[in-house]
Amino acid sequence: MSTLSKSPDPERHGVGVDRHAARFMETLMQYLLMIYGDESAMAKARPEDMGQMMAAYQSYTQAMQSAGVFKAGDRLHGTNAATTVKVVDGKTQVLDGPYAETKEQLGGYYIVDVADLDAALSWAARCPGASSGTMEVRPIY
C-alpha cells in the first residue's frame, strides 16, 4: 500500500520542500472524521447518560492526543442554529436551518493526521459516536 497522499497539493508531495520534510509529508495524511447522530435522541438523553458520553469523548480525545494523531475536533451546535447560504442568479440567499432534512445530523468532527485510510478508519471505529450514530471519513486535500 502506498503511503503517498493522493492530494494534488504539490507541497503534500514534497515539491519545493527539503527532502526530510517531503518524506514526513508523504507518510502522513489528514482525514476528517465526521460524527453523525440523531439530534432528537440526544435532546431526550438523561443528564447521567450525557455525562457518560462526554467522559467517553474526553477519553477518546486524550487517546488521540497521546498517539500524536489529533489535529482538531469539536462539537457542533444543533441544526436549529444552522444558517444555509447559497447564491442563485448572482443573488445571495440566506436561510435559517439546515439545507436538508435527514435522519442523522452532523454533530461534530475530528481531524487526524495518520499514515493511511486504514488508520483513520480505526480511529473512527473507536469514536463514541460510532456506537450510536454514523462516522464518515474523508481525506483532506
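The values are calculated or read from the model by the stated rules, or taken from the named source; none is laboratory data. Fair warning: this is a prediction, and the values are worked out from it, not measured in the lab. All Cβ positions, glycine included, derive from the backbone under ideal geometry; neighbour counts span all protein chains shown. Side chains are part of the model used for accessible areas, which takes the heavy atoms of the whole protein and leaves out ligands, DNA and RNA. Shrake-Rupley method; radii C 1.70, N 1.55, O 1.52, S 1.80 Å.
What the table shows:
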| item | result |
| --- | --- |
| Residues located in the range 67-91, provided they are assigned to a strand (DSSP E or B) and of a type in the set (A, V, I, L, M, F, W, C) | Phe70, Ala72, Val85, Val87, Val88 |
| Any hit, the range 34-52, residues being closer than 26 Å to Ala125 by Cβ, in contact with a Cys (Cβ under 7 Å, 6 or more places away or on another chain) and not in a helix (DSSP H, G or I) | yes |
| Extreme residue, farthest from Asp74 (Cα to Cα), among residues of the range 89-115 that are of a type in the set (Asp, Glu) and open to solvent by 40 Å² or more (accessible area, probe 1.4 Å) | Asp89 |
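Condition check ((1) among the β-branched types (Val, Ile, Thr); (2) over 27 Å from Ala43 (Cβ atoms)) across all residues:
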| residue | (1), (2) |
| --- | --- |
| Thr84 | yes, no |
| Val88 | yes, yes |
| Val94 | yes, no |
| Glu101 | no, no |
| Glu104 | no, no |
| Ile111 | yes, no |
| Leu117 | no, yes |
| Gly129 | no, no |
| Tyr141 | no, yes |
